[in-house]
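A.B. asks: Have a look at this one.
No lab work stands behind these numbers, since they all come straight from the coordinates. The structure displayed is predicted, hence computed values, not measured ones. Backbone-built Cβ (ideal geometry, glycine too); neighbour counts: all protein chains shown.
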Amino acid sequence: MTEILKFFMEYREAIFIIILSVFLGIEVISHVPSVLHTPLMSGANAIHGVVIIGAIIVMGHANNVLAMILGFIAVILGTLNVVGGFVVTNRMLEMFSKKKKQK
Amino acid sequence: MGTIETLTRTFEFSEYISVLEISYLLASILFIMGLKKLSHPDTARNGNLWAAAGMGLAILFTILFHKIKMEDGTFEGIHNIGWIIVALGIGSVVGWMAAMKVKMTAMPQMVSLFNGMGGACAALISLMEFPKMQNMLASSAATNMFNGEALAILLGLGIGGVSFAGSMIAFGKLDERIGDIKSPILRYINLFFLFLLLAMVVFIMTMTPHKDSNLMIYLLALLALFYGVTFVMPIGGADMPVVISLLNSFTGVAAAMGGFLYSNQAMLTGGILVGSSGTILTILMCKAMNRSLLNVIIGAFGGSAAGAGQQGDKTVKEISLSDAAVLLSYSQKVLVVPGYGLAVAQAQHLCHELEHLLGSKGVEVKYGIHPVAGRMPGHMNVLLAEADVAYEKLLEMEDANNEMNTTDVVIVIGANDVVNPAAEDDPSSPIAGMPVIRVWEAKNTIVMKRSMAKGYAAIENNLFFMPKTRMLFGDAKATMQKLIAEIKNL
């Protein structure tokens, strides 16, 4: 029990952020019209590309060849996720905004 | 535990790090605002740009200002910046090209592919951080690895690995490179693998850390990849959108694990946001099909005996192109119900042309969009928007059903399960209770279809045998072209 309490105290800030972000995530998208489901999924897909920051940190502190190679691959994969995700989403949404103007 | 803390958790004050943390705060705000804007049609495009700006900011400031405290108390910044920029460049160019070149119909598999890249990235980070952490703990003579960092690393690897492998399979299925493997035994195998995966995470945490003994972590990685494959393999192609959305939220959680590991708030908030909103989106999609998430994952659809008894020698009535042309031209109200067949045949532009043509003859044409028509919710809206169909012509399912009584002709293009009356009148049907577009209530129904093959739910559709239904067999695009030519000739 004390182990669990210690664990909570040690990581309480992160745990707070996690719990609050969960509610925020639910709240933010709960009224989305079904028209936007696909672009929203794609946009969210791009946002989790934030994992690239971790890849940059790992590669920035890599001190052997294997870590360098793995880090290099990780940064490429992360960038693919970020850039590809945002560009695809933008392309989808472009079509909606084009509609708006013609009205 | 103390040693790890000095590596990743307790920073002393430094201007650089303060600037970095402020940039992360801004990035988090941009992510949240971006996601919020993404859920409204008018602001969606801006929302995407805001989120992208937040990402750019976080990446740039990480490269410039990220520092870690070394064991001797000095701060060390990011090395290998040249290589990082090369990697960023390669990723950007390839990602940009792939995203620009992909056809709108192939969008779902592209999202799946990018999602897999993110999962793999998260898994690789864990794979590199684990040996570092273990060596550190081994030198401080720790007896176990029961701490938050180890948990974050192991979960990041497990979830990221499952997400990567699963997304690749989902990509293969949507791209029609991989078929379904349906076997009831696979469920138990999957359950076993899931249990094994969790057990392994717990086991590694209780292990005494030894310097450079990384066999277990590689085994965990392999197991995660394997489970990702067997997890998605039995799930039918029609359920892929739900699976992609689910894997999307998985990758979000994996990214958040990285944020936890590095005490990196941008990664933490961004990852969890996607994790939770992705889960809600997944549940919304399941709701639209009136199924539970568990039902999708276990894969109760397909190949079941339900509905098999109805396969009598019922006859379908075909309609000739010229009859269809006349019927359409002399009606007042036409409703188009598109499905996946329209996407496959790339017939969305022809659809718009037909709408225009009939419009010029004074026929009112609207579209009835089932929330899960196509391969992703909203997929049909995107496709029709690509073909310049006006936003207000797209009716949601309920509005379409309300107008059904006054509709003269419904044209079903490549849709099947979403217009199946069995959902309402056959409680034994696997899709019983799923909301459907009640096209049989219209005065006439024309079904455009390649063949009498079943839809993804693999069940018979009684609509085809109803007295008011006429079939128009053939590829959606070719048939549409002929139909348009026919109407022009009238």
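A.B. asks: So between B:ALA53 and B:VAL202, what do we pick up on full extension, going 0.36 nm a residue minus the alpha carbon distance? Each step should come with its number before you reach the end.
C.D. replies: Working: separation 149, 0.36 × 149 = 53.64 nm, distance 3.86 nm.
Going from the current span to full extension adds 49.8 nm.
A.B. asks: Can you pull the three principal axis extents for the Cα set of the protein assembly as shown, in Å, largest first?
C.D. replies: Each principal axis gives a Cα extent; for the protein assembly as shown these are 87, 52, 39 Å.
A.B. asks: Moving on. What translational diffusion coefficient, to the nearest whole µm²/s, does the range B:308-489 have by Stokes-Einstein, given a Kirkwood radius computed over alpha-carbon pairs, a temperature of 25 °C and 0.890 mPa s viscosity?
C.D. replies: Details: Rh = 16.1 Å.
Reported coefficient: 152 µm²/s.
A.B. asks: When Lys and Arg each count +1 and Asp and Glu each count -1, what net charge do the other residues less than 14 Å away from B:MET33, Cβ to Cβ, add up to?
C.D. replies: In short, +2.
A.B. asks: What value, in deg cm²/dmol to 500, does the helix sum -39500 (n - 2.57) over DSSP H runs of n ≥ 4 give at 222 nm once divided by the residues of chain B?
C.D. replies: Working: 17 runs with 281 residues, N = 490.
So the calculated ellipticity at 222 nm is -19000 deg cm²/dmol.
A.B. asks: Let me ask something additional. Other chains' Cβ within 10 Å of A:12-20 residues: what's the mean?
C.D. replies: On the way: counts 0, 4, 11, 2, 0, 8, 10, 2, 2.
Neighbouring Cβ atoms belonging to other protein chains average 4 per residue here.
A.B. asks: Another question, if that's okay. If you add up the charges near B:LEU321, with Lys and Arg at +1 and Asp and Glu at -1, over every other residue whose beta carbon is less than 9 angstrom from its beta carbon, what do you get? Please report the intermediate quantities before stating the final value.
C.D. replies: Details: positive: B:LYS482; negative: B:ASP323, B:GLU486.
Taking every Cβ under 9 Å from that of B:LEU321, the sum is -1.
A.B. asks: Only counting other Cβ atoms within 10 Å, I'd like B:VAL86, B:VAL296, B:VAL344 sorted with the fewest neighbours first.
C.D. replies: Values: B:VAL86 14, B:VAL296 22, B:VAL344 17.
Ascending Cβ contact count within 10 Å gives the list B:VAL86, B:VAL344, B:VAL296.
A.B. asks: Counting Lys +1, Arg +1, Asp -1, Glu -1, what net charge surrounds B:MET104 among other residues with beta carbon under 10 Å of its beta carbon? Spell out each step's value before the answer.
C.D. replies: Numbers: positive: A:ARG91, B:LYS103; negative: B:GLU386.
Summing Lys and Arg as +1 and Asp and Glu as -1 gives +1.
A.B. asks: Then there's this: Order of A:16-25, A:35-44 by packing, highest average Cβ count within 10 Å first? Before the final figure, lay out each step's value.
C.D. replies: Values: A:16-25: 17.5, A:35-44: 28.7.
By packing density, highest mean first, the sequence is A:35-44, A:16-25.
A.B. asks: Please list B:359-365, B:461-467 highest first by mean number of surrounding beta-carbon atoms within 10 Å per residue.
C.D. replies: Values: B:359-365: 14.6, B:461-467: 18.0.
Per-residue mean Cβ counts within 10 Å order the peptides as B:461-467, B:359-365.
A.B. asks: Over all residues in B:26-36, what is the mean tally of Cβ atoms on other chains that come within 10 Å of each residue's Cβ?
C.D. replies: Working: counts 0, 2, 3, 0, 1, 7, 6, 1, 6, 9, 5.
So the per-residue partner count for this stretch is 4.
A.B. asks: List the relative contact order of chain B as a percent without decimals, with contacts defined as Cα pairs under 8 Å and 6+ residues apart. List each step's numbers first, then the result.
C.D. replies: Numbers: 820 pairs, mean separation 63.6, N = 490.
Worked out over chain B, it gives 13 percent.
A.B. asks: Would you calculate a helix-derived [θ] at 222 nm for chain A, using -39,500 (n - 2.57) for each DSSP H run of n ≥ 4 and dividing by the full residue count, to the nearest 500? Let's see the in-between values first.
C.D. replies: On the way: 6 runs with 80 residues, N = 103.
Value at 222 nm, helices only: -25000 deg cm²/dmol.
A.B. asks: Still on this structure, I have one more. Eigenvalues of the Cα gyration tensor times 5, then square-rooted: what semi-axes does that give for chain B, in whole angstrom, largest first?
C.D. replies: Working: eigenvalues 521, 137, 54 Å².
Three semi-axes, in Å: 51, 26, 16.
A.B. asks: Give the separation of the Cα centroids, the range B:382-428 to the range B:142-184, in Å.
C.D. replies: Using only Cα atoms to place each centre, the spacing works out to 36 Å.
A.B. asks: Give me the Å³ per residue figure for the convex hull around the C-alpha atoms of the range A:23-103.
C.D. replies: Details: hull volume 8.3 nm³, N = 81.
With only Cα atoms used, the range A:23-103 gives 103 Å³ per residue.
A.B. asks: Ok, one more. So if we plug the beta-carbon distance of B:ASN144 and B:ILE283 into 1/(1 + (r/R0)^6) with R0 = 56 Å, what FRET efficiency do we get, rounded to 0.05? Before the final figure, lay out each step's value.
C.D. replies: Details: r = 37 Å, r/R0 = 0.66.
After rounding to 0.05, the efficiency reads 0.90.
A.B. asks: To make sure I understand, if each residue's beta carbon is the centre and we count other beta carbons within 10 Å, what order do A:THR79, B:THR208, B:THR315 fall in, fewest to most?
C.D. replies: On the way: A:THR79 28, B:THR208 12, B:THR315 8.
Lowest count first: B:THR315, B:THR208, A:THR79.
A.B. asks: With only alpha-carbon atoms in the gyration tensor, what are the semi-axes of the equivalent ellipsoid for the range B:84-192, in Å, largest first? Intermediate values should be presented prior to the final figure.
C.D. replies: Numbers: eigenvalues 219, 112, 11 Å².
Semi-axes (√(5λ), whole Å): 33, 24, 7.
A.B. asks: With 10 angstrom as the radius, rank B:CYS286, B:CYS351 by how many other C-beta atoms surround their C-beta, starting from the fewest. Before the final figure, lay out the partial values.
C.D. replies: Numbers: B:CYS286 21, B:CYS351 24.
Listed from fewest to most nearby Cβ atoms, that is B:CYS286, B:CYS351.
A.B. asks: For the range B:118-276, calculate the relative contact order in percent as a whole number, restricting contacts to Cα pairs under 8 Å that are 6 or more residues apart. Intermediate results must be reported in sequence, preceding the final value.
C.D. replies: On the way: 240 pairs, mean separation 55.7, N = 159.
Relative CO of the range B:118-276 lands at 35 percent.
A.B. asks: What chymotrypsin sites (Phe, Trp or Tyr not before Pro) does the range B:181-267 have in DSSP loop regions with at most 13 other beta carbons within 10 Å? Intermediate values should be presented prior to the final figure.
C.D. replies: Working: sites: B:TYR188, B:PHE192, B:PHE193, B:PHE195, B:PHE203, B:TYR218, B:PHE226, B:TYR227, B:PHE231, B:PHE250, B:PHE260, B:TYR262; in loops: B:TYR262.
Within the range B:181-267, no chymotrypsin sites (Phe, Trp or Tyr not before Pro) qualify (loop, at most 13 other Cβ atoms within 10 Å).
A.B. asks: Looking only at other chains, what is the average number of their beta-carbon atoms within 10 angstrom of each beta-carbon in B:249-256? Let's see the in-between values first.
C.D. replies: Details: counts 5, 1, 6, 8, 2, 3, 10, 7.
Rounded to a whole number, the mean comes out at 5.
A.B. asks: Sort the following peptides by mean Cβ neighbour count (other Cβ atoms within 10 Å, averaged over residues), highest first: B:322-330, A:55-63.
C.D. replies: So the peptides B:322-330, A:55-63, ranked by packing, come out A:55-63, B:322-330.
A.B. asks: Taking the alpha-carbon distance from A:LYS6 and a cut-off under 19 Å, which aspartates and glutamates remain once sequence neighbours fewer than 8 residues away in the same chain are dropped?
C.D. replies: Output for A:LYS6: B:GLU5, B:GLU149.
A.B. asks: For the cross-link pairs B:LYS103/B:LYS443; B:LYS37/B:LYS333; B:LYS333/B:LYS477; B:LYS173/B:LYS488; B:LYS36/B:LYS132; B:LYS37/B:LYS173, which exceed 29 Å when the distance is taken from alpha carbon to alpha carbon? Don't skip to the end; give the middle numbers.
C.D. replies: Working: B:LYS103/B:LYS443 36 Å; B:LYS37/B:LYS333 35 Å; B:LYS333/B:LYS477 22 Å; B:LYS173/B:LYS488 39 Å; B:LYS36/B:LYS132 38 Å; B:LYS37/B:LYS173 32 Å.
Cα-Cα > 29 Å for B:LYS103/B:LYS443; B:LYS37/B:LYS333; B:LYS173/B:LYS488; B:LYS36/B:LYS132; B:LYS37/B:LYS173; rest within.
A.B. asks: Give the cross-link partners of B:LYS393 among the aspartates and glutamates, using a straight C-alpha distance below 19 Å as the criterion and excluding same-chain residues fewer than 8 apart.
C.D. replies: Hits, sequence-local ones excluded: A:GLU94, B:ASP42, B:GLU353, B:GLU355, B:GLU364, B:GLU403, B:ASP408.
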